[in-house]
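In what follows, a single structure is set out as structure tokens and then discussed.
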Amino acid sequence: MNSQIRRALAALCTAAGIGLACSANPAAAQELRIGMGADVTSIDPHFVNLFPNNNIAWHIFDALVMLDADSRLIPGLATSWKQIADDTWEFKLRKGVKFHDGSDFGADDVAASIERVSQIKNSPGPFTVYTKAIVKSEVVDPLTIRFKTNGSYPLLANDLSTIYIMSKKSAGVSSEDMNAGKGQNGTGPYKFVRFARGDRVELARNDAYWQGKGPWEKVTFRILPNDPARIAALLSGDVQAIENIPTADFAKLKTNTGIDVSTKTSHRIIFFHIDTNRMHTPFAFDKNGKPLDVNPFRDLRVRQAISKAIDREAIRSRVMEGLSLPSANLVPAPMFGHNPALKPEKLDLDGAKRLLKEAGYPDGFQMTLHAPNNRYVNDDQIAQAVAAMLTRAGIQTKVETMPMNVYLGRASKLDFSFAMLGWGASTAESSSPLRSHLVTNDPARGMGTFAWGRYSHPRVDELTVKALATKDDKAREKLLQEATAIALNDLGIVPIHHQINTWATKKGIVYAPRIDEYTLAFHFKPTGAK
């Protein structure tokens, strides 16, 4: 096929809204445009542990350990790893890997990246929960690094799957400068081109990538949190793929012969943090709108009433239109740490009212529920539905939502009393949500970094810490399951559901769905491509 014919065919494909993937030669595919369902707040891979940011980071940077589509550990920049002593792990690094600037990747870069995580200032959600176990990094040779840990720590490889590696000379670049495009020197499949906040992220293919170059020469992530806008962009051909298919459009899109749809249950749990710590909480009021003298959420009976008042099945069928799995767990089956004894709470309105009366609120009280409105699937609608359910039980509930970049900053300052969040088990097991949300907040240990409700239970702390030091998988899982049962029976958080991950692509492009929700450009393939 000569170049003139190829250009003509490409123009026809673009006009049809399916991009170069309709070319007779899949290898000719050049540009991929993806509609993203949530905003990107930072391009610094170590600034805040927020999923949309991590999604972009995975394109520019690599981790020592990676996860496959089912969140199983696979080699990344490390080809192998082993625990050579109770307090020492050794990682062998991949030979011949180059950073985007052409410099060689090596152990010094790994050590600098690990150190940088603890040096990030003013993060609303730091990564330190995954690096605090490391007390020392030892560069053995350019392709070997050892990590000394604070005692036995069998989950180090899992934890390091969350930490992206940059070159040592870029490690001193500030988060502000990274957002401006400086210091984005990774080893990933794509190079940074441009970040337009609230609009797009543009990347260019790394032709020297150690896993080989992908089919897309250019990738543009369009920030389209508005559901109708995201669907319109797909149908018009403005983008060739989207994540988070709006639930109202899912059934219709599945019947569209020009669209392919893929789904997979997420390991992300959608839940509500609840202020169980403070004697006075800012958004609980009596029936006259005056602040309550005592924080009602400290009473387990009130938390139980809230959980019983929430109709998770109605949220699944009506709000999520079948695209969720009601849950009383931190991770779905069959992920490591799932506790099969925990079952989703059933609606029990009479039981909720009885518990409120027993707790001293026979006429209920007022509260404000806070949630993001551009982050999770139907987050605003879920918030409104839960508020209506609580109001029926006697807790008159007002809803206040806001964009995630505003919401995260306020929530991290403990501004709220009852606040929505979602969390994916990025380490592929339940200790990730446990130590981030339900272990007592302790910045020095990197624990409870997202514990907005400041829930604290000594036994949960004890079991989680013990699990993190337990080598035997069966014993460790049992400890995690027990800690989960205590925390969730105590309603340290109020779980709602696991999302069903969804993607849609124009015909001619395929995507293998992932349990971790990541939308990875290098996993979109033109039909027929290997």
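The values are calculated or read from the model by the stated rules, or taken from the named source; none is laboratory data. These numbers come from a predicted model, not from an experiment. In this analysis, Cβ positions are derived from the backbone assuming ideal geometry, glycine residues included, and neighbour counts consider all displayed protein chains. Side chains are part of the model used for accessible areas, which takes the heavy atoms of the whole protein and leaves out ligands, DNA and RNA. Shrake-Rupley method; radii C 1.70, N 1.55, O 1.52, S 1.80 Å.
So which of 252/525; 290/346; 82/525 end up more than 29 Å apart by C-alpha? Those over the limit are 290/346; 82/525. The portion of the accessible surface of the chain made up by carbon and sulfur, rounded to a whole percent, is 51 (1.4 Å probe; DNA, RNA and ligands excluded). Relative to the longest principal axis of the Cα atoms of the chain, helix 227-236 runs at roughly 20 degrees.
Label separation (residue 398 vs residue 84): 6.1 nm, computed from points 7 Å beyond Cα along the C-beta direction.
Note on exposure: 473, 39 ranked by accessible area (1.4 Å probe, complete protein assembly) read 473, 39, with the most exposed listed first.
As a size descriptor, the averaged projected area of the C-alpha convex hull of the stretch 292-410 was calculated at 8.6 nm². Treating each Cα of the stretch 424-473 as an identical point scatterer and ignoring solvent, apply the Debye formula and state log10 I(q)/I(0) at q = 0.28 Å⁻¹. Summing over Cα pairs of the stretch 424-473 leads to -1.12. Sort out for me the Cα centre separation of the stretch 123-183 from the stretch 334-363, rounded to whole Å. Here the answer is 40 Å between Cα centres.
If you wrap the tightest convex hull around every Cα atom of the stretch 278-359 and split its volume per residue, you get 143 Å³.
The residue among 458, 485, 505 whose Cα reaches farthest toward the positive pole of the charge dipole of the stretch 451-530, with charges on the beta-carbon of Lys, Arg, Asp and Glu, is 505. Compactness check for the stretch 370-434: Cα Rg over 2.2 N^0.38 Å is 1.24. Our compactness index for the stretch 441-530, the C-alpha radius of gyration over the empirical 2.2 N^0.38 Å, is 1.60.
Under 1.5 on a/c is rounded, so check that first for the stretch 179-224, then, if it is not, pick prolate when a/b is larger than b/c and oblate when it is not; a ≥ b ≥ c are the square roots of the alpha carbon gyration tensor eigenvalues. Because a/c hits 1.5 or more and a/b fails to exceed b/c, the stretch 179-224 counts as oblate.
Between residue 410 and residue 194, the FRET efficiency from the beta-carbon distance, with R0 = 41 Å, is close to 0.90.
Accessible surface calculations at 1.4 Å, restricted to protein heavy atoms, place the stretch 114-231 at 41 Å² per residue.
Pair-distance distribution of the stretch 170-326: all C-alpha pairs, bin width 10 Å, starting at 0; shares per bin in whole percent are 8, 21, 23, 23, 19, 6, 1. With R₀ fixed at 30 Å, the C-beta to C-beta distance from residue 294 to residue 442 puts the FRET efficiency at about 0.70.
Compactness ratio for the stretch 19-165: Cα radius of gyration over 2.2 N^0.38 Å (N = residue count) comes to 1.17.
Once the convex hull of all Cα atoms in the stretch 353-496 is built, its volume per residue stands at 127 Å³.
Restricting the calculation to Cα atoms, every distinct pair contributes to the Kirkwood radius of the stretch 102-228, found to be 16.6 Å.
In a reduced charge model with +1 at each Lys and Arg Cβ and -1 at each Asp and Glu Cβ, the stretch 466-510 shows a dipole moment near 320 debye about its Cα centre. The alpha-carbon positions of the stretch 228-274 define a convex hull whose volume is 111 Å³ per residue. For the stretch 156-234, the Cα-based Rg and Dmax, in that order, read 15.2, 43 Å. Computed about the Cα centre, the dipole magnitude for the chain is approximately 580 debye when only Lys and Arg (+1) and Asp and Glu (-1) carry charge, each at its Cβ. So, in Å, what gap is there between the alpha-carbon centers of the stretch 189-268 and the stretch 34-88? With the stretch 189-268 and the stretch 34-88 each reduced to a Cα centre, they are spaced 19 Å.
Taken about its Cα centre, the stretch 193-252 carries a charge dipole of roughly 120 debye when the Cβ of each Lys and Arg holds +1 and the Cβ of each Asp and Glu holds -1. Each Lys or Arg adds one and each Asp or Glu takes one away; over the other residues whose Cβ falls under 12 Å from the Cβ of residue 249, this sums to +1. When the P(r) of the stretch 55-142 is calculated, the portion above 18 Å amounts to 52% of the C-alpha pairs.
Summed over all non-identical Cα pairs, the Kirkwood treatment of the chain gives a radius of 24.1 Å. With all pairs of different C-alpha atoms in the average, the Kirkwood value for the hydrodynamic radius of the stretch 136-181 is 13.1 Å. Only helices enter this figure: runs of n ≥ 4 DSSP H residues, each worth -39500 (n - 2.57), summed and divided by the residues of the chain, yield -7500 deg cm²/dmol at 222 nm to the nearest 500. Ranking 158, 100, 120 by Cα position along the charge dipole of the stretch 79-159, where only Lys, Arg, Asp and Glu carry charges on their C-beta atoms, puts 158 farthest toward the positive end. Counting every pair of alpha carbons in the stretch 250-292, the share spaced more than 16 Å apart comes to 67 percent.
Three principal axis extents describe the C-alpha atoms of the stretch 45-105; from largest down they are 36, 30, 24 Å.
Both radii were evaluated on the Cα set of the stretch 190-268; the Rg over Rh quotient, with Rh as the Kirkwood radius, amounts to 1.02.
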